[in-house]
Amino acid sequence: MYRLQSLAARSLIAGALDLCTPLTLTSLTGVRHKSQGPSVEKCGQMRFITAEAKASAGRLDGKMREKTLTMDTLNPQVKAVEYAVRGPIVLKAGEIERYLEEGGTKPFSEVIKANIGDAHAMGQQPITFLRQVVALCTFPELMDSPSFPEDAKWRARRILQGCGGHSLGSYSASPGVECIRKDIAAYIEQRDEGVPSDWENIYLTTGASDGIMTILRLLVSGKDSSRTGVMIPIPQYPLYSAAISEMDAVQVNYYLDEDNCWALDINELHRAYQAAKQHCQPRVICIINPGNPTGQVQSKKCIEEVLHFAYEENLFVMSDEVYQDNVYAPDCQFHSFKKVLYEMGPEYFSSVELVSFHSTSKGYTGECGFRGGYMEVINMDPEVKAQLVKLLSVRLCPPLAGQAAMDVIVNPPQPEEHTFKQFHQEKSSVLGALAEKAKLTEQILNSVPGIKCNPVQGSMYAFPRIFIPPKAVEEAKALGMQPDMLYCLRLLEETGICVVPGSGFGQKDRTYHFRMTILPSIEKLNVLLGKVRDFHISFLKEYSGLEWDEI
Amino acid sequence: MQTVKGIGVRASLVCCEAGAAGRGFRLVLKPSLSGIHGDTMTENGCEYRDRVLTMDTMNPNVKRVEYAVRGPIVQRAVQIERELKMGIKKPFTEVIKANIGDCHAMGQKPITFFRQVLALCSYPDLLEDSKFPEDAKSRARRILQACGGGSLGAYSTSQGIEMIRQDIARYIEQRDGGITCDPDNIYLSTGASDAIVTMLKLLVSGEGMSRTGVMISIPQYPLYSAALADLGAVQISYYLDEDNCWSLDISELRHALQEAKKHCSPRALCIINPGNPTGQVQSRQCIEDVIRFAAAEKLFLMADEVYQDNVYADGCKFHSFKKVLFEMGLEYSEKVELASFHSTSKCYMGECGFRGGYMEVVNLDPEVKVQLTKLVSVRLCPPVPGQALLDVVVNPPQPDEPSYDTFIKERTDTLATLAEKASMTQEILNQVPGIKCNPVQGAMYTFPRIHLPPKAILEAKEKGQVPDMFYCMKLLEETGICLVPGSGFGQRDGTYHFRMTILPPKEKLKIVLAKIKEFHQHFMEQYS
């Protein structure tokens, strides 16, 4: 506490400290490395417990009254969960926004949230056709309206026929509306050039996150050295680490190769697997392709290697393919794990257990708020599948509006339909702008001394490496926070730009990064990148002093 | 396993697999994809290969989860529907699903105003359409202004859109006669189920004797037992008093708690009011007693109030736990930790598919609240259309607005029809010898007790079925009516029940009830 108080005096962090209650400080320690044993965890908790005792003593002013649910009695796995994408930095951004709204002054006039892949919030327009179908499903009286195209009405009617009482207000079957599952299977077959897809293997979900959590929940079992280990890339999307913490599984990190465009290195997989086998039972490998936060697009050869590895080591494969339509680099192409698995031959295709995930939130639609998504489950033990259905049924069903949105994505206007032209134009314009912004981001960031950014081949993020001078690292340590958290908090305070520190995604020791989305409009993105550049240079100057020439 | 030969025995393979528990391998059949016949096939046409995820290796807690409302009986109902479609003859022409509180599926019409607002939000071009009333447009504009980028397609904050939380807080204040409600205590959710599971997740901790115990009513809505199994918490059952209209008896609570203290650490008490599956409406006195009990025993209260608008019986009234708590004075209102739940799926809306819901937390430790916010942030946000819907539910047309009359008429009609069906169900069922049904004071279900002859119980046991499952399966096969056996909700040993919804349209409900009557009489004759 002493440290915190003394540092609070420093103007630069004075505001940032409001949110750094002892509790959130614990969560600033970044991705938890289970493989490092209990010490990390323990030290985090101890720090917190001391702080908590002080906090409650102050709060109650001596009049001690017990609550049933306190930090001491709270589910410890919940405590261990961390989710940086909406972590302290975002809370701080919200505070600043409110401050500005109330007339407060800052060196900037608005907060730009480049922390989350939320396309519509950044001004991307919805695809007209998708919204027409959803509106028709929501208020079927519109079927009589001449202002809606027949293609949209036809789809809406079909979806409603699949709904109980022809209403979006009824529950669907827990795996989703049957005709939508069939449309998804047909879409996958087409995408994968004829590789068969069985609609009964398709499960609609509440966003992809829900599907990922559900499958992980099935997989986690055992105690101590037989506890399920889950291999995840580092850097990763923190849903994975959060879910692993919540379920008390063992996180097994494999590091992506930053020097090689964040490619997955099969030797690193072997290393991580062998190391983890000493203390847990690695049973799952998670892949994010195209990568989040790293933006790489996996080559077909690399996917083959991963699948072969999974086959050899008997690992369950979870492939997060929510960015499958977001590929920008001309020499890159999206290959689905399912298709590659098929092409590897029946020995693989009939045995490797694979679940792949998709969502309405990304791609060219960016419909995050509808929480639509699906997963395709291959080679799952039939009895386990029955258990999966049972587990899904407890939550009744995914939101119907999201299911309807998903249906439009997999069954979009065809060339012979009237709406095709507009649909196609909207889709290409969104994807074209994203490709342009991907390039722009990479170029400008790489022009900044002390920032190095791999090409944004796909997805919606840049994850540049930033040089943080030793003096700044020390200062951060004194504050009990990760150096890149210090960097991002200062960036936010000084420029209003909200990005997420690399430590929230995991990174190699002593390397620092941040994740930013490429979603702001081109004009805004230009301004944003310019501000990042200016900030970075002045940050280096401030902390480097004489070392400046060496950068 | 060695005796298994050829492809034709697929069905029996499943049984073999179940029998092979503990061996860690599974028999895998080569799929007969044309052009794929590897050299690896064994002489039997199949080979052994380890599967990662099997019944032996999967999460044991998930295995323990049970959820009868969508259990085997519903799966059979779906199968029968398919058989009917294929033209297979049955003694009935359609399956009637009275197993789940799914109003729209049973023909209830959505409230026009709600859907207008949602359509406007989904496709804002309609704001120019003169066919939409101004009050719907103003609400849609307001909701969209609160969304990122003015779009339902943006994520909201994880706790839910702030403006909607404010509207909800105002609604609760009004409902509770002015007792204050802080928008910051409101969390929107993906249906009430999501919030209930989240709260339970926070509460579960400890090992052995110190493992969290959660008190739930028996009969209960099986979401509770399923969540407790999944979380590995200890279920503490307290029995509702069937002879006394399923009311809650404090001495039973006390008794259950004392027993439970011997082997776990009871920390939460769940109440469903109005009751599911039992349809009772709790008296104010009883709620006070429960609150006093929770305060004395330091139990976290979870009040599932999703049926708060569904009260039909004369003399019954819905009292929110929050209101009663605050009227009991500071001693309680500053002390008892309470989470109450609501949803768009029930009441007069019946909008299940939108998965809208919220919870209000009271007296939650501020640091725990931070943890709660963190936990919900991992799932990003509840579906925004569901949030928008909830906003109109708590902020419906006012007397001076153009949509008011239609709205009131639709709401009143829906609730009146439900009330009529509630009393009709009770009356007809009570005419059947061997069926005894408590009044359906509220909610959407009746949970009658059925007398099953010893011969039927014996036959069920021979089949390895719970007797009321046996009964409900037979009912389904012979009449096409899909109900849920009482055993899926829990009941006193040696008693049998089923849950049926009162949701089918009146004419259809009459037929359903007549068929049940006939079936039951025939069943009794057959087994006596």
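Apply the a/c threshold of 1.5 to the C-alpha gyration tensor of region A:310-442 and tell me whether it is rounded, prolate or oblate. Before the final figure, lay out each step's value.
On the way: a/c = 2.11, a/b = 1.39, b/c = 1.52.
Taking the square roots of the gyration eigenvalues as a ≥ b ≥ c, region A:310-442 is oblate.
Taking R0 as 60 Å, what's the FRET efficiency between residue A:225 and residue B:327 from their Cβ-Cβ distance, rounded to 0.05?
So, using R0 = 60 Å, E works out to roughly 0.60.
What residues have an amide H closer than 5 Å to that of residue A:374, excluding those fewer than 5 places away on the same chain, when H is modeled at 1.01 Å from N in the peptide plane?
Counting only residues 5 or more places away or on other chains, the set is A:205, A:358, A:359.
Using a ≥ b ≥ c from the Cα gyration tensor of chain B (square roots of the eigenvalues), is it rounded, prolate or oblate, where a/c under 1.5 gives rounded and otherwise the larger of a/b and b/c decides, a/b for prolate?
Working: a/c = 1.37, a/b = 1.31, b/c = 1.05.
It is rounded, given that a/c, with a ≥ b ≥ c, falls under 1.5.
How far is helix A:178-191 tilted, in degrees, relative to the longest principal axis of the Cα atoms in chain A, given as a value from 0 to 90 rounded to the nearest 10?
80 degrees
Sequence-distant or interchain residues sharing an amide H contact under 5 Å with residue A:325, placed H: which?
The list, which skips near neighbours in sequence, is A:363.
What are the residues whose amide H is under 5 Å from the amide H of residue B:205, where those residues sit 5 or more places off or on another chain and H is modelled from the backbone?
Those qualifying (amide H under 5 Å, at least 5 residues apart or on another chain) are B:212.
I need the peptides B:176-189, A:94-107, B:375-388 ranked by packing, meaning the mean over residues of other C-beta atoms within 10 angstrom, with the highest value on top. Intermediate results must be reported in sequence, preceding the final value.
Details: B:176-189: 18.8, A:94-107: 12.2, B:375-388: 26.6.
So the order, starting with the most tightly packed, is B:375-388, B:176-189, A:94-107.
What value, in deg cm²/dmol to 500, does the helix sum -39500 (n - 2.57) over DSSP H runs of n ≥ 4 give at 222 nm once divided by the residues of the protein assembly as shown?
-13500 deg cm²/dmol
I'd like the distance separating the alpha-carbon centroids of region B:405-479 and region B:128-188, in whole Å.
38 Å
Just name one of A:491, A:505, A:466: the one whose Cα is farthest towards the positive end of the charge dipole of region A:463-551 (beta-carbon charges, Lys/Arg +1, Asp/Glu -1).
Farthest towards the positive end: A:505.
Please say if region B:113-394 is rounded, prolate or oblate, where rounded means a/c under 1.5 for a ≥ b ≥ c the square roots of the C-alpha gyration tensor eigenvalues, and otherwise the choice is prolate for a/b larger than b/c and oblate otherwise?
prolate
Using 19 Å as the Cα-Cα cut-off, could you pick out the over-long pairs in B:201/B:374; A:79/B:369; A:439/A:508; B:335/B:374? Display every interim value, and only then the final one.
Details: B:201/B:374 13 Å; A:79/B:369 11 Å; A:439/A:508 25 Å; B:335/B:374 24 Å.
Checking Cα-Cα distances, A:439/A:508; B:335/B:374 exceed 19 Å.
Against the longest principal axis of chain B, how steep is helix B:284-297, in degrees 0 to 90 to the nearest 10, with axes from Cα atoms?
Helix B:284-297 sits at roughly 80 degrees to that axis.
Counting only other chains, and only Cβ atoms inside 10 Å, what mean value do you get across the residues of A:216-223?
That average works out to 4.
Explain nothing, just compute: Karplus ³J(HN,Hα) = 6.51 cos²θ - 1.76 cosθ + 1.60, θ = phi - 60°, for every residue of region B:236-248 in order, whole Hz, x for Gly and Pro.
So the Karplus estimates, Gly and Pro as x, are 10, 8, 10, 8, 6, 8, 4, 6, 10, 6, 6, 6, 8 Hz.
What nm value, rounded to one decimal, do you get for the distance between residue A:312 and residue B:76 when each label is placed 7 Å out toward the C-beta?
5.0 nm
Using the alpha-carbon atoms, what tilt in degrees (0 to 90, nearest 10) does helix A:470-479 show relative to the longest principal axis of chain A?
Compared with the principal axis, the helix lies near 90 degrees.
Give me a single rounded figure for B:204-210: the average over its residues of other chain Cβ atoms within 10 Å of their Cβ.
Counting Cβ atoms of other protein chains within 10 Å of each residue's Cβ and averaging gives 3.
A short reminder: the numbers here are calculations on the coordinates, not readings from a lab. All values derive from a computational prediction rather than experimental measurement. Here Cβ is always computed from backbone atoms with ideal geometry, including for glycine, and neighbour counts include all displayed protein chains.
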